[in-house]
Each structure stands twice: as structure tokens, then as C-alpha cells.
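A quick write-up on the structure given underneath.
The values are calculated or read from the model by the stated rules, or taken from the named source; none is laboratory data. The model shown is predicted, which means the values in this text are computed figures rather than measured ones. Here the Cβ positions follow ideal geometry from the backbone for every residue, glycine too, while neighbour counts run over all protein chains shown. Just so you know, the surface numbers come from the protein's heavy atoms only, side chains and all, with ligands and any DNA or RNA stripped out. Shrake-Rupley method; radii C 1.70, N 1.55, O 1.52, S 1.80 Å.
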Amino acid sequence: METITKKPRRRRRTKVEVERDIWAALEKLIIKKGFHNLTIVELSEEAQVEPMVLYNRFENLDDIIEKYLRRYDYWLKDISRINKKTEPKNSLKEIITGLINELYKNEIMQQILLWGLLNKSEATRQMSAMRELQYEPLYNYLNEQLQGTRIGAKPIIAIIVAGVYYLILHRKISTFGLINFNSEHGKQVLIDMTEELIDQLFIEKETVVPFKTPQSISEVAKNMLDLGVGIKVIELSTGLTVEEIDKLKN
């Protein structure tokens, strides 16, 4: 008689262990193939749970991904932490360098950023909005430090961070600007250049001449009248007619 070999029974896991295994399996699949083409069946096999277990815990795959994304709320919060004891320029350099170092090694966050660009779902919108809220204290703090500059902190930081995101996400496809950012040398170039941009921003702050709103022609003419300048000179200097100048006397 043929002997039937029974499969060994799986060890019974606690709810906490099952949830841990689900997230671990999801991370493994995300690193392997990104968020696209994930399926409940594939996730259940990787986590070694029945699909019904997943459906009992989550509404669908989108719900699983959305709850997983919330687990990464801490990531930018930690990186964008402001050290007000440090000089603002150096504090910003520390934050951007920390972002570069973390993003280079954090494959999950790389995939989250890519997925946010490709998937216009409510989950990605919420994740992007959360990212903005986490950066808001940094933006406001630096805007205060850079009052008087032509552009201000927000657009400069936006360009720097967007550049960092793109160059790190693109680095495995090809060089960019003939620089191999998928190397330690390229990574150091990225850090050095972002620090140079920050230096230039603060150099402008240190040398900026306060900007004054230009006066209108009428205001200039009125000031000349108040100083006793003759109407003919005012007429020739401003291009206003005698009648227009007379109205400014009132």
C-alpha cells in the first residue's frame, strides 16, 4: 500500500506574529517587484497565510498598501527634525545629507516614492500631503532665517529635494549629466553639490540689499513737488503733463 506523506502542520502563530509576517512578506515583494502587479494570492503565499486571513483583516489590496504606508510616517519626521542649536545653514545641510544617505539605502522608501508618482490614488495623495506637513516646520523655520532674499527658502528646498529624489531613483537606469550616481563617488558628488547650493543661498542672505518697492511716477512727482522742484523740471523728468502734476498738489 502506498504510504501517504502528510505535510507538517504550520506552527500556530499569534495575531501579532501573523501581522508581522504579513508586513515582512509585503516588504520582500515590494523590494523585489515594486507595488505594481502585487496580488492578494502572492502576498498570502509569501506570508504563509490563507487569503481569507488577509480579507478578514483588510478590505482589499489597496487597503493593505494604505495601512502599510502609514507605518512610514516616521521616516521624514525623523530626517526633517530641526536642530535649532545648530547654525541654520549647517542644520539644513545635515537634513539634506541625512535624506540622501537614508534614501540611498532605504529601498522601500524608493519604491514608495515611485509608486506615488505612478499611482494617483487617495493613499498616495494622503502620503504626499503628510510629507508636506512633516516638512512644514522646516520650511517655516528656514523662511524666517532667509527673510529678505529674492526667492526664499521654500522653492530652493523644493528644487533640491526633488533633484535628490530623481537622481537617486534614476541612478540604476543610466548616468545623469554624465555622472554615475549609482556609485559612492556619485553619491558624494550629490552631497557636495547640495551643500554648495545651500552655501550659495546663505551667501545671498549675508550680502542681500533690502529690496524696496519702486515708487510710481506720480509718487516721484509728488515728492519732487514737496521738495520745491519746478513744475517744468518735473514735467521733463517724469513725462507727466502739467495738468497731471497740478492734481498732485492737493
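Before moving on, here are some points about what is shown:
- Failed criterion for I95 (all others in (1) surrounded by 12 or more Cβ atoms within 10 Å (Cβ to Cβ); (2) at pLDDT below 80 hold): (2)
- Checking K120 against (1) over 14 Å from the mean Cα position of the chain (by Cα); (2) open to solvent by 40 Å² or more (accessible area, probe 1.4 Å); (3) modelled with pLDDT of 85 or more, the condition it does not meet: (3)
- Put simply, of Y55, Y68, Y74 the only residue that is at pLDDT below 85, open to solvent by 70 Å² or more (accessible area, probe 1.4 Å) and either aromatic (F, W, Y) or under 26 Å from Q188 (Cα atoms) (or both) is Y74.
- Scope the stretch 203-232; condition at pLDDT below 70 and open to solvent by 60 Å² or more (accessible area, probe 1.4 Å); matching residues: K205, E206, T207, V209, P210, F211, K212, T213, P214, Q215
- In the stretch 87-105, the residues that are touching a residue at least 24 places away in the same chain (Cβ under 8 Å) and either small (G, A, S) or over 19 Å from L138 (Cβ atoms) (or both): Y104
- Residue pairs meeting the criteria (Cβ under 9 Å; at least 6 apart or on separate chains; first more than 20 Å from L61 (Cα to Cα), in the stretch 121-133; second part of a helix (DSSP H, G or I) and of a type in the set (D, E, K, R)): M130/R70; M130/D73
- Annotation: Q110 fulfils all but one of (1) over 13 Å from the mean Cα position of the chain (by Cα); (2) under 25 Å from L29 (Cβ atoms); (3) of a type in the set (S, T, N, Q); the unmet one is (1).
- Selected residue [open to solvent by 30 Å² or more (accessible area, probe 1.4 Å) and under 26 Å from Y68 (Cα atoms)] from L133, L178: L133
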